[in-house]
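Asker: First, the structure itself, so that you have it in front of you.
The numbers here are math on the coordinates, done by the rules we state, and not lab data. All of these numbers come straight from a predicted model, not from anything done at the bench. Cβ coordinates were reconstructed from backbone atoms using ideal geometry, including for glycine residues, and neighbour counts include every protein chain displayed.
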Amino acid sequence: MTPNAIRWEVPALSTTSVEAAIHYRDGIAALVAGIANAGRLLAAATTLDPGFLLAHIGLAVAEVTGGAAYAAPPVTIGIASRGERQHAEVVAATFGSDCHRARDLRREHLLEFPGDVLIVWLPALAR
């Protein structure tokens, strides 16, 4: 197997806005890197596409890094793919009370979507 054969799949993004997708990806990269403008980028993604579930989740996680409690956006926002719904469930479980369920959901999600950077990074934040 060559290094190029390894795929780091991510959930398909349900947004139709290229700009929202760019702001989301840049915002998640900034969030996991600890860069201060993550919240601004993710908020811009939600403004560009109010139905973009992953951007709302990313923004809620960014707010947690600022000391807020996690406020899960409703999964009914927009039309979410199965991978996005799984992503939402992993994040909600991580900030919920059942750490074993969160760990199991995260493991299952990452088997299919190992490139979902927020989910990979999430345990570092939840400690």
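Asker: Computed FRET efficiency, Cβ-Cβ of residue 33 and residue 63, R0 22 Å: what is it to the nearest 0.05?
Answerer: With R0 = 22 Å, the Cβ-Cβ based efficiency is 0.85.
Asker: Which three lengths, in whole Å and largest first, does the range 13-126 cover when its Cα atoms are put on their principal axes?
Answerer: Dimensions of the range 13-126 along the principal axes of its Cα atoms: 36, 29, 23 Å.
Asker: Using the Kirkwood radius built from alpha carbon pairs, what does the Stokes-Einstein equation give as D for the range 42-87 at 25 °C and 0.890 mPa s, in µm² per second?
Answerer: 229
Asker: Pairs of Cα atoms under 8 Å, at least six residues apart: use those to get the relative contact order of the chain, whole percent.
Answerer: For the chain, the relative contact order is 27 percent.
Asker: Within the range 57-75, whose backbone N sits under 17 Å from a point 7 Å along Cα→Cβ of residue 101?
Answerer: 70-75
Asker: Efficiency by 1/(1 + (r/R0)^6): what FRET value for residue 16 and residue 72, r their Cβ-Cβ distance, R0 = 25 Å, to the nearest 0.05?
Answerer: 0.60
Asker: Placing +1 at every Lys and Arg Cβ and -1 at every Asp and Glu Cβ, with all other atoms neutral, what dipole size does the range 13-126 have around its Cα centre, in debye to the nearest 20?
Answerer: 140
Asker: Could you calculate the contour length gain from residue 108 to residue 126, that is, 0.36 nm times the residue separation minus the distance between their Cα atoms, to one decimal place in nm?
Answerer: Length gained between residue 108 and residue 126: 4.7 nm.
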